[in-house]
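What follows is a short report on a single structure.
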2 protein chains.
Amino acid sequence: MTENLPKVRAPSIRDVARLAGVSHQTVSRVLNNHPSIRESTKARVLQVMADLQYRPNRAARALSRGRSRTIGILSAQSSEYGPASSIAAIQDAAREAGYYVNTANLDTVDQESIEAALMHLMLQAVEGIVVIAPQVRVFDVLEQLSITVPFVSLQSTGHLDDHALSVDQIAGARLATRHLIDLGHRRIYHLAGPQDWIEAEARMRGFLDEMGAMDVPTTAPILGDWTADFGYHAGRELFGRRDFTAIFSSNDQMALGLMHAARDAGLDIPGDISIVGFDDIPEAAHFWPPLTTVRQDFGELGRRCIALLLSNLPGSEPIADREPIMPRLIVRESTAPPAF
Amino acid sequence: MTENLPKVRAPSIRDVARLAGVSHQTVSRVLNNHPSIRESTKARVLQVMADLQYRPNRAARALSRGRSRTIGILSAQSSEYGPASSIAAIQDAAREAGYYVNTANLDTVDQESIEAALMHLMLQAVEGIVVIAPQVRVFDVLEQLSITVPFVSLQSTGHLDDHALSVDQIAGARLATRHLIDLGHRRIYHLAGPQDWIEAEARMRGFLDEMGAMDVPTTAPILGDWTADFGYHAGRELFGRRDFTAIFSSNDQMALGLMHAARDAGLDIPGDISIVGFDDIPEAAHFWPPLTTVRQDFGELGRRCIALLLSNLPGSEPIADREPIMPRLIVRESTAPPAF
DNA sequence: TGTTCACATGTGCACGGTCACAAATGTGAA
DNA sequence: TTCACATTTGTGACCGTGCACATGTGAACA
């Protein structure tokens with residue numbers, strides 16, 4: 001006589017209900033903190049839950065409520081410090097708010113790949129999407145697929161106000177630029193990020209704004225790809241010309257590449273050339289020379305991002321705190337007055 | 001007469017069935033590629049699905065099958081390059097295999113925080129867990145909570161064979177150590193990672209093994225925390241002594257901190273001291289000097305990791321390919337024969 | 001004593017799939 | 001023609017939770 005294995009099904013609210021001598025609905029009410037439950041009943045139910053090691057079944061919940069409590073992150077270059085920190089911060093904030101996070105990485109940013117990643121998120125029934133990627137293209141695809149979930153992008157250029165978080169990248173870039181100008185530099189290059197990243201655009205804008213405001217003539221920014229390798233190659237070319245005394249790089253990695261190229265060219269930093277980065281990755285303080293850069297508070301960024309996204313969900317009030325987060329200039333040893 | 005809003009419920013399997021003139025079960029069969037479905041029927045159903053933009057509801061599926069198709073990642077220091085790359089690789093591999101990934105970050109690695117993160121994952125009904133964190137402690141907690149999901153750790157020390165992926169960290173560390181010995185170094189320090197990270201332990205083991213095998217006397221490794229800051233402070237102390245000619249650091253960030261401290265101490269690298277790192281982060285080639293290090297293939301790592309995890313799920317065959325992934329030594333300019 | 005009302009709890013079904021089993025249809029050999 | 005059997009399709013229950021609605025209970029009040 002082959003005995004059936006006592007299939008260990010996880011306890012459900014009905015199991016709890018039976019043992020507590022109440023109906024399953026009462027258990028459900030306890031779970032959801034319904035106001036009108038007698039204290040004694042609630043205590044009894046909670047006790048049984050603890051005894052049974054009861055865990056609510058998320059799938060069942062999602063099914064009956066029609067809400068998944070999951071948000072999606074669409075991310076590119078997610079192993080770099082900036083994106084990685086943002087992702088971590090967002091996940092923490094989401095967990096705090098009782099949400100789950102699913103990340104879809106983009107290896108390439110072509111249409112097809114973006115579509116695939118978005119599909120993955122939609123199949124998962126995400127309630128909202130955070131975009132950490134070349135946002136312009138992603139938005140195009142979102143529109144094409146007529147996807148209707150609320151979404152949030154991490155940075156602001158000013159004209160996407162509904163969806164954008166006001167981390168003041170522009171102000172950060174102005175800070176960096178102003179620092180160089182104040183030191184006496186007048187011929188300053190900007191090594192920008194990819195044009196379709198909103199962060200890159202904002203930092204470039206900040207650079208141009210500040211140069212304009214201070215009446216310093218500018219040259220066209222160089223468009224990079226965020227990597228140290230690009231910074232290095234751009235540097236090799238730039239340092240052949242030497243028609244400038246400072247460079248503002250839109251992230252720390254490219255700044256590192258630039259410094260490498262400067263050494264190859266026999267130039268001293270900051271003696272011959274000043275360099276400013278952006279992000280303040282943890283390694284920046286240990287570069288040679290330690291890098292002057294702009295620090296962002298990624299933790300705060302993540303919290304705000306989730307707050308904004310949740311406020312866009314149906315049935316929520318608009319968010320209160322939309323003050324921009326201000327980045328901070330961290331002065332180290334890669335900047336100095338120009339040699340004349 | 002207020003007309004009810006035509007509540008836009010997503011089309012279900014039954015909607016498809018009605019329009020295709022079949023039963024809902026037939027639609028389900030089409031979805032799951034059941035073998036005995038007439039081609040013509042299948043085509044018709046697929047057509048209707050396309051017309052309706054039908055998307056299967058994941059929650060319903062999870063509920064009725066009792067399987068969530070989700071795996072969890074438990075990660076610490078997830079914005080550093082190593083963990084971040086692993087996470088990205090695992091997510092890609094999981095998506096490839098039709099799985100969803102949920103990441104829980106650990107800010108601190110105390111009992112409480114690990115429990116909270118594991119709870120988050122369990123509530124989500126993950127089918128398996130990948131641990132990228134101080135694994136020793138996590139395993140303790142897993143046991144305490146009597147959690148029964150299969151789990152996989154990213155690296156192997158050899159004695160955790162069921163759950164561990166054979167990335168040969170030990171061999172990588174031996175490669176690095178051997179390189180220093182071959183250059184003629186005899187007094188070599190090891191700056192290790194935190195003791196409860198299995199990667200750290202494996203790299204230390206590799207170092208000690210190789211030193212032993214080559215009959216070179218060793219000193220006790222220094223236990224660090226993976227950060228460049230720690231490398232810097234350790235370096236300040238070490239370079240006061242100078243009773244050595246080379247250091248093998250168990251990751252690139254700490255190596256960077258060491259190089260920073262060396263410059264502060266007026267030492268030339270590699271003239272006075274040789275340094276080897278581990279990971280080959282993209283910035284390592286642009287350090288000053290460019291760092292000799294050990295490269296791991298994170299993409300392959302992620303794929304294997306998922307393959308191993310899925311093979312541990314009930315109803316799967318044991319995995320075929322358990323050959324260890326071999327890391328590669330990348331020789332740059334931070335190592336040279338010792339000065340005598 | 002009956003009426004009203006707030007509070008506390010119970011009943012039954014819906015959510016969108018899958019599963020076990022039954023039924024219908026087709027196919028070929030006796 | 002009939003039976004055996006494989007192929008294809010349908011029926012109804014079920015997974016665990018939340019919702020709408022019904023019901024029971026006791027206090028306050030006329």
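Every number here is computed from the coordinates shown, using simple stated rules; none is lab data. Keep in mind that what you see is a predicted model, and the values were worked out from it rather than measured. Cβ atoms come from the backbone with ideal geometry, glycine included; neighbour counts cover every protein chain shown.
Between segment A:229-304 and segment B:49-91, the C-alpha centres lie 37 angstrom from each other. With only Cα atoms counted, segment A:67-165 has Rg and Dmax values of 12.5, 33 Å. This ranking places B:T227, B:T292 by how few other beta-carbon atoms lie within 10 Å of each, fewest first, which gives B:T227, B:T292.
Taking every Cα-Cα distance in segment B:13-56 and sorting them into 10 Å bins from zero, the calculated P(r) comes out as 34, 62, 4 percent. Taking 0.36 nm per residue of separation and subtracting the Cα-Cα distance, full extension of the segment from B:T219 to B:E237 would add 4.9 nm.
Under a GNM of chain B (C-alpha, springs under 10 Å), which listed residue has the highest mean-square fluctuation: B:A228, B:A84, B:A59? Looking only at B:A228, B:A84, B:A59, the biggest GNM fluctuation is shown by B:A59. Kirkwood analysis of the Cα pair distances in the protein assembly as shown returns a hydrodynamic radius of 27.6 Å.
Over segment B:1-95, the alpha carbon radius of gyration divided by the compact-protein estimate 2.2 N^0.38 Å works out to 1.57. Per residue of peptide A:280-291, the mean number of Cβ atoms on other chains within 10 Å of the residue Cβ is 6. The Stokes-Einstein estimate for segment A:169-297, based on a Kirkwood radius over Cα pairs and taken at 4 °C with 1.567 mPa s viscosity, is a diffusion coefficient of 92 µm²/s.
Annotation for B:Q144 and B:A339: the two label points, set 7 Å from Cα along the Cα-Cβ direction, are 5.1 nm apart.
The listed peptides B:47-56, B:69-78, ordered by packing as a protection proxy, come out as B:69-78, B:47-56 (highest mean of other Cβ atoms within 10 Å first). Most simply put, the protein assembly as shown has about 10% antiparallel DSSP beta bridges, counting only bridges with both residues inside it. Mind giving me the FRET efficiency for B:D272 and B:E112? R0 is 41 Å, r the Cβ-Cβ distance, nearest 0.05 is fine. Computed FRET efficiency for B:D272 and B:E112 comes out at 0.35. This ranking places B:H24, A:H190 by how few other beta-carbon atoms lie within 10 Å of each, fewest first, which gives B:H24, A:H190. Taking every DSSP beta bridge that has both ends in chain A, the antiparallel portion is near 10%. Normalised by 2.2 N^0.38 Å, where N is the number of residues, the alpha-carbon radius of gyration of chain B equals 1.29. Computed extension gain for B:M326 through B:E96, at 0.36 nm per residue and net of the alpha carbon distance, reaches 80.5 nm. The relative contact order of segment B:210-273, computed from alpha carbon pairs under 8 Å that lie at least 6 residues apart in sequence, is 36 percent. Distances between equivalent label points of B:D182 across the copies, with each point positioned 7 Å along Cα→Cβ, amount to 5.2 nm, shortest listed first.
Between copies, how close do the B:S40 label points come, placed 7 Å along Cα→Cβ, listed in nm from shortest? Those label-point separations list as 6.9 nm.
Label point of B:G98 (7 Å along Cα→beta-carbon): distances to the other copies' equivalent points are 3.3 nm, sorted ascending.
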